[in-house]
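Okay, structure first, notes after.
The values are calculated or read from the model by the stated rules, or taken from the named source; none is laboratory data. Just so you know, these numbers come straight off a predicted model, no measurement behind them. Every residue, glycine as well, gets a Cβ built from its backbone with ideal geometry; the counts of neighbours run over all protein chains shown. The protein model used for the area step is the full one, side chains on, heavy atoms only, and it has no ligands, DNA or RNA in it. Shrake-Rupley method; radii C 1.70, N 1.55, O 1.52, S 1.80 Å.
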Amino acid sequence: MKMWAGRFRQPLDPEFESWQRSFPFDQRLIAEELAASRAHARSLAAAGVLSQTELDSIVRGLEEIGRQAAASESLQDEEAEDIHHFVEKQLVALIGEPGYKLHSGRSRNEQIATDLRLYARRSIDNLQSGLGELLEALIARAEKAGNAAMPSYTHLQPAEPVLVAHWLLAYAEMFFRDAGRLADCRKRLNHCPLGSGAVAGTTLPLDRQTMAIDLGFDQPCANSLDATSDRDFAIEFVQTLSILAIHFSRFAEEMILFATREFGFVRLPEAFSTGSSAMPQKQNPDAMELMRGKAARVVGDAISLMATVKGLPLAYNKDLQETQEPVFSASDAMEAVVSIACRFIAAVEFDYGRMHAAASSGFMNAMAAAHYLVARGVPFRHAHEQIGHAVQWCIEHHCELEEMPLEELRQFAPEAGQDFYSHLTLDAVLGCHDVEGGTAPARVRQALPEAREHLAALRGELHAHA
Ligand code: ARG
């Protein structure tokens, strides 16, 4: 039976009927729907709409539906319009007439708003614990890298040497911000729509506060029009996931680049690569390419949510049914990416030798050379120009700055002395970036335990939710 058949004289166009159903995709909200239904039923009983016996039978029925759903791959029901209809049908089949009482004083508009919030909240919690493991893996790799050095790039041109640990901790910073954004989003979404009715608030004396607490929400949503039509939480969640996806995409891009023969900084784990059916020699970075590719999907999901909501008058409109799939798509994509990335980071190998060699050539000590002159009183602009001339000379003579004879150097930089060379070694160049957030080994040794503390604090907050 349709939930709204009473008013209609004609049957639905069959193609339209099947096209407008959300059951094929919203059935994944079964756990949320059952939890919200139980909270509503308790509240109906407290308001005297259900007897204790009816409440008990409804709660047992809901539990049975949960058990059956957990035992089957997917839920089959050709008629159910959506997950709300499905649960009602099942309940009536299991317990009879009292099943029809469950819908008293509520609307599917508040139900879907509640289910989707609960779903996003659960996904945030999964992602947060995944990000905790990912950060653990990243920090552990950074600790293991010791004082190994690699080039850093700007414009993808060699810039200055940095510690490998410093490079890895740059990604840790991004993921810490993502965790912060997720926590922030969780705070704002954790308000409960139940009791909002279809649009104007329920007509029964339901205790909204108790329903909210029952479902782990901090408080009821303050306005029924907003509660039933708001999808800010979905937008914010998926936008947060897009930023997370972008971070993984940049990481993946560097892995792909650094695993090329030309760079050779990274050896891809075979367990995360695939071969070519045509070219026998290939080992392709598919895991990283897909990670980069998923960012496109998630950014698209965020755009699709914003576009759906943008022109909607208050309150519920069926367009809002279209806000479910982007949430599922983005959360599926990112939960998988976090898990794969975690294992990839633990398994990937770095070729410190190649990184060291690359960091030791290509004039990455030119800025340090200019600062050597600055320390001798040369204005930076002149020092920059003098070292620029020296670099030019070296390019013509196929050598590095530290291989340039002092008398040649002095034609450009008269202030340079014999100690110039000791300022240009890799260790000296790394060591002189001795500022908070800089790559000097002493600073990175400080940054590592700070990152660990940050991670411990993050895990403490997660623990509070669990
Ligand atoms: N399946 C619907 C959705 O996802 C549930 C709400 C239906 N409400 C309505 N008034 N037709 O949006």
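Quick check on this structure: which one of Glu97, Glu133 is open to solvent by 50 Å² or more (accessible area, probe 1.4 Å) and either of a type in the set (S, T, N, Q) or under 30 Å from Arg181 (Cα atoms) (or both)?
On inspection, the qualifying residue turns out to be Glu133.
Pick from Glu289, Glu322, Glu349: which is at pLDDT 95 or above, open to solvent by 50 Å² or more (accessible area, probe 1.4 Å) and within 16 Å of the ligand (Cβ to nearest atom)? First the steps, then the outcome.
On the way: Glu289 fails: within 16 Å of the ligand (Cβ to nearest atom); Glu349 fails: within 16 Å of the ligand (Cβ to nearest atom).
One residue alone meets the criteria, Glu322.
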Quiz item: Out of Asp419, Asp427, which single residue is in contact with a strand residue (DSSP E or B) (Cβ under 9 Å, 6 or more places away or on another chain), open to solvent by 30 Å² or more (accessible area, probe 1.4 Å) and of a type in the set (D, E, K, R)?
Solution: Asp427
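Go over the candidates Glu54, Glu33 one by one and state the one that is of a type in the set (Asp, Glu), assigned to a helix (DSSP H, G or I), touching a helix residue (DSSP H, G or I) at 6+ places or on another chain (Cβ under 9 Å) and open to solvent by 30 Å² or more (accessible area, probe 1.4 Å). So that I can check it myself, show each step before the final result.
Values: Glu33 fails: open to solvent by 30 Å² or more (accessible area, probe 1.4 Å).
Only one candidate passes the filter, namely Glu54.
Determine whether Asn109 is open to solvent by 20 Å² or more (accessible area, probe 1.4 Å) and within 16 Å of the ligand (Cβ to nearest atom).
Numbers: open to solvent by 20 Å² or more (accessible area, probe 1.4 Å): yes; within 16 Å of the ligand (Cβ to nearest atom): yes.
In short, yes.
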Self-check item: Breaking point among (1) surrounded by 16 or more Cβ atoms within 10 Å (Cβ to Cβ); (2) more than 16 Å from the ligand (Cβ to nearest atom); (3) farther than 26 Å from Ala148 by Cα, for Gly388
Solution: (1)
Quiz item: List, please: which pairs have Cβ atoms under 9 Å, are six or more places apart or on different chains, and start with a residue in region 422-434 that is within 10 Å of Asn365 (Cα to Cα) and end with one that is of a type outside the set (Asp, Glu) and loosely packed, with under 14 Cβ neighbours inside 10 Å?
Solution: His423/Ala375; Ala428/Ser422
Exercise. Find the residue count for region 177-208, including only residues that are hydrophobic (A, V, I, L, M, F, W, C) and open to solvent by 10 Å² or more (accessible area, probe 1.4 Å).
Key: 6
Quiz item: Which pairs have Cβ atoms under 8 Å, sit 6 or more apart or on different chains, and link a residue in region 67-94 that is touching a residue at least 60 places away in the same chain (Cβ under 8 Å) to one that is open to solvent by less than 70 Å² (accessible area, probe 1.4 Å) and away from the ligand (no atom under 16 Å from the Cβ)?
Solution: Glu88/Gly99
Quiz item: What is the residue count in region 203-224 for residues that are assigned to a loop (DSSP other than H, G, I, E, B) and either closer than 11 Å to His191 by Cβ or under 30 Å from the mean Cα position of the chain (by Cα) (or both)?
Solution: 7
Quiz item: Mind checking which residues of region 70-94 are within 14 Å of the ligand (Cβ to nearest atom) and among the aliphatic types (A, V, I, L, M)?
Solution: Ala80, Ile83, Val87
